[in-house]
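The values are calculated or read from the model by the stated rules, or taken from the named source; none is laboratory data. Since this is a predicted model, take the numbers as computed values, not measurements. Note that we place each Cβ from the backbone using ideal geometry, even for glycine, and neighbour counts take in every protein chain shown. Calculation scope for accessible area: heavy atoms of the full protein, side chains included, ligands and nucleic acids excluded. Shrake-Rupley method; radii C 1.70, N 1.55, O 1.52, S 1.80 Å.
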Amino acid sequence: MSSIKACIFDLDGVIVDTVPAHYIAWKTIANELGIPFDKTQNEQLKGVSRIKSMKKILALGNVEMPEEEIKALTKKKNKIYVEIISKMTPADILPGVEDFLLTLEANNIPKAIGSASRNTPTILKCVGLTNRFDAIVDGNVVSNSKPDPEVFLKGAELLGASPADCVVLEDAISGVKAAKAGGMKCIGVGKPEILKQADLVIPDMTQLTLEKIQNL
């Protein structure tokens, strides 16, 4: 039996599905630059910072530009993205999430959000989950993006739990690597072939039980 005492959730792809919003926003920018960009390439940007994502897209078109222009494009992308996510509602919470939050609450297991997204507060407010987490760590309070474990280590610290006692729920390989680098257990939400470094992989949150976490 494991000693899991706290849960840390990634936001995008675990609590809500923001991938379509990211895709529309990045696709808009790529189209303006004349760079071919599809959903498969968008998947490669999961868990990656805005600047790094922009540079990856520019590399697809062999386009080079000054850092200031890159920053301006990421701001433009974020504006498009925020307009989309600002229309989110509780109906956008992924299946299984609310049931599992209730299970954790019934068993007095503290929980945190650990996301690289600086739009985390906006999303949580729109879907009505702001007050359901004991701690929220996002891109506004950490300086290193995943696979650096900073966001998860900060979450553990705020929950008063040691990393070894935490389990991270992640849908991106960069997040899985971050959790493992931080000395935590990790449950991947998605495809086993992509998230094979996780301790356990489930297809979606409806398949998660407290027993599965305690058996890690």
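Listing for the model above:
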{"read-out": "HN-Hα J in Hz across the stretch 24-37 - Karplus 6.51, -1.76, 1.60, θ = phi - 60°, x for Gly and Pro", "value": "4, 5, 5, 4, 4, 5, 4, 4, 4, 8, x, 9, x, 8"}
{"read-out": "Amide H partners (placed H, <5 Å) of residue 186, local residues excluded", "value": "168, 199, 200"}
{"read-out": "J(HN,Hα) series, the stretch 135-145, from Karplus relation 6.51 cos²θ - 1.76 cosθ + 1.60, nearest Hz, glycine and proline x", "value": "8, 10, 10, 9, x, 7, 10, 10, 9, 10, 8"}
{"read-out": "Dipole magnitude (debye, nearest 20) for the stretch 75-216, charges at Cβ of Lys, Arg, Asp, Glu", "value": "660"}
{"read-out": "Alpha-carbon radius of gyration plus Dmax, which is the widest Cα pair, for the chain in Å", "value": "17.1, 54"}
{"read-out": "Amide hydrogen neighbours beyond the local backbone of residue 16, cut-off 5 Å, H modeled", "value": "94"}
{"read-out": "Sequence-distant residues sharing a close amide H with residue 113 (under 5 Å, placed H)", "value": "9, 135, 136, 137"}
{"read-out": "Value at 222 nm in deg cm²/dmol, rounded to 500, when DSSP H runs of n ≥ 4 in the chain each add -39,500 (n - 2.57)", "value": "-12500 deg cm²/dmol"}
{"read-out": "Electrostatic dipole magnitude of the stretch 22-61 [Cβ: Lys, Arg +1; Asp, Glu -1; Cα centre; debye, to 20]", "value": "180"}
{"read-out": "Charge context of residue 32, other residues only, Cβ under 11 angstrom, K/R +1, D/E -1", "value": "+3"}
{"read-out": "Cα centroid of the stretch 151-204 to Cα centroid of the stretch 111-126, whole Å", "value": "17"}
{"read-out": "In nm, spacing of pseudo-spin labels at residue 206 and residue 17 (7 Å Cα→C-beta vector)", "value": "1.2"}
{"read-out": "Gyration tensor over alpha-carbon atoms, the stretch 1-77, equivalent ellipsoid semi-axes in Å", "value": "30, 13, 11"}
{"read-out": "At most 11 other Cβ within 10 Å, DSSP loop - GluC sites (Glu not before Pro), the stretch 138-208", "value": "193"}
{"read-out": "Separation of alpha-carbon centers, the stretch 38-89 and the stretch 1-27, rounded to whole Å", "value": "18"}
{"read-out": "Qualifying lysines (Cα of each under 29 Å from Cα of residue 71; at least 8 residues distant if same chain)", "value": "27, 39, 46, 52, 55, 56, 79, 87, 125, 146, 154, 177"}
{"read-out": "Average accessible area per residue (Å²) across the chain - probe 1.4 Å, nucleic acids and ligands excluded", "value": "48"}
{"read-out": "Diffusion coefficient, µm² s⁻¹, Stokes-Einstein with Kirkwood Rh over alpha-carbon pairs of the stretch 124-216 at 37 °C and 0.692 mPa s", "value": "238"}
